[in-house]
Each structure stands twice: as C-alpha cells, then as structure tokens.
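S.K.: Quick one: structure below, then a few questions.
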Amino acid sequence: MGEAFGLYKMGDDAGLMPLIDVANVACGFHGSDFNHMRTTVQLARKHGVKVGAHPSLPDLQGFGRREMKMGRDELTNCIIYQVGALKGFLEAEGMTLNHIKPHGSLYGMAARMEEVAQAVADAADVFKVPLMGMINTFHEKVYTARGHKFIAEFYADLDYRDDGSLIITREHEAKDPAHAAALCLRAIREGKVRGVGGGDVTVRADAICVHSDTPNAVAIAQAVRDAVKPYIDAA
C-alpha cells in the first residue's frame, strides 16, 4: 500500500483498505514518499488496519523488482533507514509498527540467499517486530533461528514454481477473483497450491497477500475476504 509517488498514482488504496486487516506500506525506496506514507498511515488508522513496513532495494525506477548486489551491513542499514521513516509516521498517528515484510526482489533474494535473510533479521533486531515470509525458505529458517516471530504468507495473485518459489514479475496481470479465492481456500484447508509445472507445492497461509498494483486488486481482495471470512471469524 501507499506505493504512489509525487503526482504518480499506484493502486486503489482507498478501495482496498476497508477489505484488509494488515497493510504492507511502502517506505520510499520502491514507491511512496513522505506525503504518501503519512496519508496511507492515516487511512489505515481510519479503518483499524495494522501497518507493517515494506522496505525495498533502492530501486525507485524499477519498482524494487530488479535485483541488486549489496553487502550485509549496507543492506541492513538500507532497511533500517526505511523502516525508521515509516515508524516515525506511525508514531505521529498514535500507531505501532506491526511487522516487517521485504518487498519485491529483496523478498525473493531473502528467500533463497541466507546472507540477505540475515541482513533482514539484523534490521528486525532493531525494531523487534515479526517478519513475514514464505515457509521452507531462508525466510523461515533464518528468521525463526534468530528468534523473530514468523508470519507465513500465501499469495493470492502470484504464481508459484514447482520448487515453491514465487514468480515475481515487474508488472502484475489481472487475475480471476473467483480463482484467486479458490487458491486461498485450498492453501488454508490443504496447505497446497498448484505450481506452474503442474506439481503441488506446500504452503502455509497465516496471512494472504494481494498486491495493490494488480489491476483488479479490489475485486480479488473482496472475493478472497468473502471466501476466507469463516476462518477469520474463527481465529
């Protein structure tokens, strides 16, 4: 959320916010700026939505979806810088930081590269909040070993490879809302999703992610929320 920049618009935050419980808010390095961060935090507070930081590689032009080589210390500092900015806006609105979830290529790199996951955990040591990620990756292995609470995510609008990794595209295509909802229900009930090669992948859905830059994100979020509402109510 909050991925607009200056006069450039991105996503329908006003339409999405009433449909979600937790928002991953951009911190300025792949999208957003100080005005949009403040506005997004205020919108989240209005709707009772918890806010987590969504730090990125420093790649505004590429929307954080291009990989970069950075050393562990530099990457840790990059993340602390971004999370600290968002935390300031949260405190200004009387809110607390709920979690940290790396964005885009940083997320994908942390899943398969231990040194990157360690850098994320180094930053999380400062803020002492949970980390979101994927099971059976360095997200889970490193974050839990470092003593951080781990929130396993399932993606309603991205495809999975048969090895369990995500296919992170530069631009997201519209998805069928009913199909996305069905995928989420299977992930909850069976802990499985079909990979692009036809094999089943083991997943866990402590949280379900819908990207605000998916063209029909509001329709997807509505369909998914309607489908999983019994599980939310039972939680």
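S.K.: Among the listed pairs K101/K149; K50/K149; K46/K128, which are separated by more than 22 Å between their Cα atoms?
M.R.: Pairs exceeding 22 Å: K46/K128.
S.K.: Quick one: work out the % antiparallel among DSSP beta bridges in the chain, nearest 5.
M.R.: 25 percent
S.K.: Cβ neighbours within 10 Å, averaged per peptide: list 69-78, 99-108 in order, most packed at the top.
M.R.: Put in order of decreasing packing, that is 99-108, 69-78.
S.K.: About its Cα centre, what dipole magnitude does the chain give when the only charges are +1 on Lys and Arg Cβ and -1 on Asp and Glu Cβ, stated in debye to the nearest 20?
M.R.: 340 debye
S.K.: A follow-up question, please. So for each of 182-189, 116-123, 204-211, 159-166 I average, over its residues, the number of other beta carbons within 10 Å; can you give me the resulting order with the highest mean first?
M.R.: 116-123, 204-211, 182-189, 159-166
S.K.: Using +1 at the Cβ of each Lys and Arg and -1 at the Cβ of each Asp and Glu in the chain, identify which of P230, Q82, S32 lies farthest towards the dipole's positive end.
M.R.: P230
S.K.: Sort 49-59, 9-19 for me by packing, meaning the mean count of neighbouring Cβ atoms within 10 Å per residue, highest on top.
M.R.: Ranked by mean Cβ neighbours within 10 Å, highest first: 49-59, 9-19.
S.K.: Using Cα positions and a limit of under 14 Å, work out the aspartates and glutamates in reach of K192, with same-chain residues fewer than 8 apart set aside.
M.R.: Cross-link targets: E153, D159, D162, D163, D200, D206.
S.K.: Nearest-5 percent of antiparallel DSSP beta bridges in segment 91-217?
M.R.: Percent antiparallel among DSSP bridges in segment 91-217 is about 35.
S.K.: Quick check for you: with a 1.4 Å probe and neighbouring chains kept, what is the accessible area per residue of the chain, in Å²?
M.R.: 46 Å²
The values are calculated or read from the model by the stated rules, or taken from the named source; none is laboratory data. This one's a predicted model, so the numbers in the text were calculated from it and none came from an experiment. Note that each Cβ is placed from the backbone with ideal geometry, even for glycine, and that neighbours are counted across all protein chains shown. These area figures cover heavy atoms from the full protein model, side chains too; ligands, DNA and RNA do not enter into them. Shrake-Rupley method; radii C 1.70, N 1.55, O 1.52, S 1.80 Å.
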